[in-house]
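Structure record follows, encoded as structure tokens.
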């Protein structure tokens, strides 16, 4: 029999206070800017990956006014490598809206936060709970897993009917007080004990009333999505270099790698002709696979070495990026890996 709401929340709060995470860098403040930044970064990204990005981002943009005043290129550079780049663009839009419409102060309720760019229902609730102690339910991936297992909820959690059931459960389980500790406890439980693989049921404060544990179905719940074969796409990217720099283009604000710097994409011969380098020798390097949410990309890097910087590098939307800046420039992780050591590769050919 699953725990009653009051028992469920009480056990979780007690466990969080004694065994939960208390040393994450964003937990030392109730500043809604810092809470919001951490919650957006933590969407679909693990804590260990987020921590260094979070610290560097705060150093560069210490408050919402600084972020709002920054250029899109500066924000893209700070976000580069963290993935899911629409989050970074929405983060910037949200900061500008907070400054323009709210005088630089985040609205102090989950309902009002949800109206801002990039803040959904669960994220708004988490910000409100941590910053102001509001009694609001969250339902991120970890929480869905905890609820599906504990209450034996069948079906894929993202299906509309299942999600409706989970939201109703999440709302019904909210404690009358101490909502911040309860919300953090749900997150901690899903991240550290009730994990996707090898859940540690022996240490779980809810194990005694968990249906999945009673029925030995931890591996079945939550149910997965019926998967189809991922769509595969192929593209070539021109690595045009003199051994000291490389040609890159700024992608459009929307779409894959929106606002980031990427080597020119297209057929090598056509790209070289457009750059006034028709017939210049080039070499295809080993293809690299990269997975996105809805497709997989087979990227073929094409190396073309020049003696000097081409005049076409000065066209609008393009820039000649010094290789020494590859580690800090607004490059997707895929291209940062390709461009590191490019000078050495070029010299060897």
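Provide the packing ranking of 218-230, 74-86, 8-20, 153-165, i.e. peptides ordered by the mean count of other C-beta atoms within 10 Å per residue, highest first.
Numbers: 218-230: 11.8, 74-86: 20.0, 8-20: 18.3, 153-165: 14.0.
Output ranking for 218-230, 74-86, 8-20, 153-165: 74-86, 8-20, 153-165, 218-230.
Per residue, what volume in Å³ does the Cα convex hull of the chain take up? Walk me through the numbers on the way to the answer.
Numbers: hull volume 54.0 nm³, N = 349.
Here the figure is 155 Å³ per residue.
Please state the relative contact order of the chain as a whole percent: Cα pairs under 8 Å, 6+ residues apart?
Numbers: 543 pairs, mean separation 62.2, N = 349.
With pairs under 8 Å counted, the relative contact order is 18 percent.
Got a sec? How would 151, 295 order by Cβ neighbour count within 10 Å, fewest to most? Could the numbers behind the result be given before it?
Values: 151 19, 295 12.
Ranked by crowding around the Cβ, least crowded first: 295, 151.
What distance in nm separates the simple spin-label points at residue 231 and residue 24, each placed 7 Å from Cα in the Cβ direction?
In this crude label model, residue 231 to residue 24 measures out at 3.3 nm.
What fraction of the DSSP beta bridges in the chain is antiparallel, stated in percent and rounded to the nearest 5?
60 percent
Rounded to the nearest 500 deg cm²/dmol, what is the calculated helix-only ellipticity per residue at 222 nm for the chain, with -39500 (n - 2.57) per DSSP H run of length n ≥ 4? If you can, show how the numbers build up before the last one.
Details: 15 runs with 145 residues, N = 349.
Using -39500 (n - 2.57) per qualifying helix, the result is -12000 deg cm²/dmol.
What FRET efficiency comes out for the pair residue 291/residue 17, r = Cβ-Cβ distance, R0 = 41 Å, nearest 0.05?
On the way: r = 38 Å, r/R0 = 0.94.
After rounding, the FRET efficiency stands at 0.60.
Quickly work out the residue 328-to-residue 90 label distance, labels modelled 7 Å from Cα along the C-beta direction, and quote it in nm with one decimal.
Using points 7 Å along Cα→Cβ, the separation is 3.0 nm.
Can you list the residues of region 237-253 with backbone N under 20 Å from a point 7 Å past the Cα of residue 274, pointing along Cα to Cβ?
237-242, 246-253
Round to the nearest 0.05 the FRET efficiency obtained for residue 164 and residue 56 when R0 = 45 Å and r is the Cβ-Cβ distance. Spell out each step's value before the answer.
On the way: r = 39 Å, r/R0 = 0.86.
FRET efficiency, residue 164 to residue 56: 0.70.
Each value in this text was obtained by applying a stated rule to the coordinates, not by laboratory testing. Given the structure is predicted, the values throughout are model-derived calculations rather than measurements. Heads up, the Cβs are rebuilt from the backbone with ideal geometry, glycines too, and the neighbour counts pull from every protein chain shown.
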